[in-house]
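Working notes, beginning with the structure itself.
The values are calculated or read from the model by the stated rules, or taken from the named source; none is laboratory data. Note that the coordinates shown come from a computational prediction; the quantities given were computed from them, not determined experimentally. Cβ atoms come from the backbone with ideal geometry, glycine included; neighbour counts cover every protein chain shown. These area figures cover heavy atoms from the full protein model, side chains too; ligands, DNA and RNA do not enter into them. Shrake-Rupley method; radii C 1.70, N 1.55, O 1.52, S 1.80 Å.
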Amino acid sequence: MAYWIMRSEPETYGWDDLVRDTSTEWDGVRNATARIFLKEMQPGDRAFFYHSGKQKAAVGIMEITRAWRPDGEDGNWASVAVKAVEALPRPVTLAEMKAEPRLKALEMLRLSRLSVTPVREEEWRTILEMAGR
């Protein structure tokens, strides 16, 4: 199983929207590096749902339910299907992640403009611990 952080602005599509819908197509990503990451995702992988914009915090856990398929009119991009698994007991903010020494190599912090980034297993466990789970 692989782990990821997938970011969305809550004003556009947030955690509450995913919980209401139970599942969605994670599409519209238009970055070549993020596309590579989407193509690496497999059913059963887990991802933190991260609210970008004002909140800047990981708020929930999703599961990848379908591997990538072409996205966009030209089919040059990628999307995956996801479903809500559970809300984190408490959000883990970007400031908290930056302050945690065990997360110093977290790809999201290094590649801050990407909406999809991998998370190492030890980083996944650290963020869960920070969330109180």
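Selection of the range 74-85 for residues being in a loop (DSSP other than H, G, I, E, B) and either within 15 Å of Leu128 (Cβ to Cβ) or in contact with a Ser or Thr (Cβ under 6 Å, 6 or more places away or on another chain) (or both) yields an empty set. Scanning the range 53-73 for residues that are in contact with a Ser or Thr (Cβ under 7 Å, 6 or more places away or on another chain) and crowded, with 19+ Cβ neighbours inside 10 Å gives Ala57, Trp68, Asp71. Inspection of the range 86-104 finds a residue satisfying the criterion of being assigned to a strand (DSSP E or B) and more than 15 Å from the chain's Cα centre (by Cα). Taking the criterion of being farther than 16 Å from Ser8 by Cβ and assigned to a helix (DSSP H, G or I), the residues of the range 105-119 that qualify are Glu107, Leu109, Arg110. Please verify whether Ala95 is farther than 14 Å from Met6 by Cβ and without any contact (Cβ under 8 Å) to a residue 12 or more places away in the chain, treating the condition exactly as stated. So Ala95 fails the test. No other residue among Arg7, Arg69, Arg30 is basic (Lys, Arg) and touching a residue at least 60 places away in the same chain (Cβ under 8 Å) apart from Arg7.
Considering the range 74-112, and only residues there that are within 21 Å of Glu25 (Cα to Cα) and modelled with pLDDT under 95, the residue that is surrounded by the fewest Cβ atoms within 10 Å (Cβ to Cβ) turns out to be Asp74. If the condition is being closer than 19 Å to Asp45 by Cα and either of a type in the set (Asp, Glu) or within 12 Å of the chain's Cα centre (by Cα) (or both), then the range 58-80 contributes Ala58, Val59, Gly60, Ile61, Met62, Glu63, Ile64, Val80. Taken over the range 120-133, the residue count meeting the criterion of being open to solvent by less than 10 Å² (accessible area, probe 1.4 Å) and not in a helix (DSSP H, G or I) is 1.
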